[in-house]
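To start, the structure itself, in C-alpha cells.
The values are calculated or read from the model by the stated rules, or taken from the named source; none is laboratory data. Bear in mind the structure is a predicted one, so any value in this text is a computation, not a measurement. We place every Cβ from the backbone using ideal geometry, glycine too, and count neighbours over all the protein chains shown.
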Amino acid sequence: MGRNRCGEANGISDNPILPRKLPISAWALDDRPREKLLSRGASALSNAELLAILLGSGNAEESAVELAQHILNATGNLLNELGKLGVRELTSRFKGIGPAKAVTIMAAIELGKRRAAEEPMQRTQIRSSQDIYRLMYPLLADLPHEEFWVIYLSRSQRILDKLRIGQGGTGEVITDIRLILKPGIQLLASGIIAVHNHPSGNLQPSRQDNSLTERLKQASALLDIHLMDHVIITDGKYYSYADEGQL
C-alpha cells in the first residue's frame, strides 16, 4: 500500500493547492476601487485603482487592479510612458486588454493632457452690490412670481455656485434656512448672498424679509459662513441690506 495509492484512494493529490484569484466583487467594500472613490473621493485612489476602474475587469489570472498594476509596472509606473503606448502595443503586451479597453486608456490619457493644457477657469468675483445686481437681474427682473436665490462664495469672494432655493407667488416665497445652508456646507463656502425679487416693484423689504435675513445671519454664523448681503431686485432697481447698514 504505497503512498500514491493511498493518496488516490482518498482523492488527495501530492500537488500543492494553487491559490485562486479573488475577484474584486469578493473584496471588502472599502477596498473596491469604485466604492472607495464614492466614499473617499478620487484622490484617495492609487494610479492602479483608477486605471482598474477604466478597465472594468481583468483576465483569467488577474483582477482588474492586478492587471492595472501589471500595466503600470511595465511602464515604470509613469503615466507619461503609459500615454506613449498605442492600441496595438496595449493589446499585444497585456493579456485581457482588447481594443475597447486600449481605446478607453488612451482616451483617459488624452483627457488628462487636455486638462493640463487648459487655462484655469477664473470664477466671477463679487466686489459690490452692483456686481450682485448685474449677475442676478437677468434671472429675476421679468418674473411674475417671487424666487429666492443664494450665491455661494469662496474666501476670496469668487462664486462657487448660485442656486434657486425657493419659488413662490406674487407676494411671498417660503424659504427653509436648512436648504440654504446645506449647499454652503457641501461647497465649503465662506460666504453667502441671498437674492430675491419683488414682482410688485416695491423696493422696500417686508417684515418677512427682515426676519429671514436675521435668522439666516444667525444660523450661517454658527457654521462660520458669513452672510455678506441680501439683495432685493425689482425692474431696474435693487435694495442691498449691506449697503443700507442692515447687516
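Some observations on this one:
- Of the residues Ala42, Ala28, Ala68, the single one that is touching a helix residue (DSSP H, G or I) at 6+ places or on another chain (Cβ under 8 Å), of a type in the set (A, V, I, L, M), assigned by TED's automatic domain parsing to the domain that holds Gly98 and at pLDDT below 90 is Ala42.
- Taken together, the residues in region 131-149 that are free of Cβ contacts under 8 Å to residues at least 60 places away in the same chain and either charged (D, E, K, R) or touching a Ser or Thr at 6+ places or on another chain (Cβ under 9 Å) (or both) amount to 8.
- Per-region count, region 172-202, residues surrounded by fewer than 18 Cβ atoms within 10 Å (Cβ to Cβ) and part of a helix (DSSP H, G or I): 7
- Residue check, Pro205 assigned to a loop (DSSP other than H, G, I, E, B), touching a Leu at 6+ places or on another chain (Cβ under 8 Å) and not acidic (Asp, Glu): no
- The single residue among Leu212, Leu222 that is hydrophobic (A, V, I, L, M, F, W, C) and in contact with a Phe, Trp or Tyr (Cβ under 9 Å, 6 or more places away or on another chain) turns out to be Leu212.
To keep it simple, each residue is scored yes or no on (1) closer than 26 Å to Lys217 by Cα; (2) outside the structural domain of Ile225 (by TED's automatic domain parsing).
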residue: Gly83; (1), (2): no, yes
residue: Thr104; (1), (2): no, yes
residue: Thr124; (1), (2): yes, yes
residue: Val150; (1), (2): yes, no
residue: Arg155; (1), (2): yes, no
residue: Ile159; (1), (2): yes, no
residue: Gln167; (1), (2): yes, no
residue: Ile180; (1), (2): yes, no
residue: Gly184; (1), (2): yes, no
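- Region 83-106, residues that are in a helix (DSSP H, G or I) and among the charged types (D, E, K, R): Arg88, Glu89, Arg93, Lys101
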